[in-house]
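Student: One structure, pasted below without further comment.
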Amino acid sequence: MAEILHELVIKSSPTKVYQALTEQKGLANWWTRHVQAEPRTNSIAQFSFDHGKVTLRMKILRLIPNKAVVWHCVGGSPEWDDTQIYFELAPNRDGTTLNFAQRGWKRPTGVLAKCSFDWARYLMSLRAY
């Protein structure tokens, strides 16, 4: 199965990066403004794009404060369905190293390359936030 991988350094503490990945206000500041989410395992977060034409639904599988967040896509885009999104955080001398992965793509074609590019842009927004 195909996957998207990115790594970046964010000049902020793992605590602040974790908050940006788990709290509704944080998510709305770097991914999409149209978000319904709460930092609770097994809850379903919703992220709307393109004026509501696409709404991704993510089940929050794992929350390890200041270390990891894992989502499982349960709806919104056939190509995304059943993929898992990983945010792994590690402190470093400049702040936080974020290792990102979206795993479980059924094939390496279609929107995979576009999504990889889009994730890179959104992760840069996270870093700026």
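Each value in this text was obtained by applying a stated rule to the coordinates, not by laboratory testing. Note that this is a predicted model, so its numbers are computed, not measured. FYI the Cβ positions are ideal-geometry reconstructions off the backbone, even for glycines, and counts take in every protein chain you see.
Student: Sort SER125, SER48 so that the residue with the fewest other Cβ atoms within 10 Å of its own Cβ comes first and the one with the most comes last.
Tutor: Fewest-to-most ranking of SER125, SER48: SER125, SER48.
Student: Just from its helices, what would the mean residue ellipticity at 222 nm be for the chain, if runs of 4 or more DSSP H residues each count -39500 (n - 2.57) and the sum is divided by every residue, rounded to the nearest 500 deg cm²/dmol?
Tutor: After summing the helix terms and dividing by residue count, I get -7500 deg cm²/dmol.
Student: Listing MET124, MET1 from the residue with the fewest other Cβ atoms within 10 Å to the one with the most, what is the order?
Tutor: MET1, MET124
Student: Please give every one of the lysines within straight-line cross-link reach of LYS114, meaning a C-alpha to C-alpha distance under 19 Å, and leave out same-chain neighbours fewer than 8 residues apart.
Tutor: LYS53, LYS106
Student: Could you work out, for the range 1-76, what percent of all Cα-Cα pairs fall into each 10 Å distance bin, beginning at 0 Å and stopping at the bin that holds the largest distance?
Tutor: That works out to 18, 49, 31, 3, in percent per bin.
Student: Also, I was wondering about something else. What do you get for Rg/Rh of the chain when both radii come from the Cα atoms and Rh is the Kirkwood radius?
Tutor: When Rh is taken as the Kirkwood radius, the ratio is 0.94.
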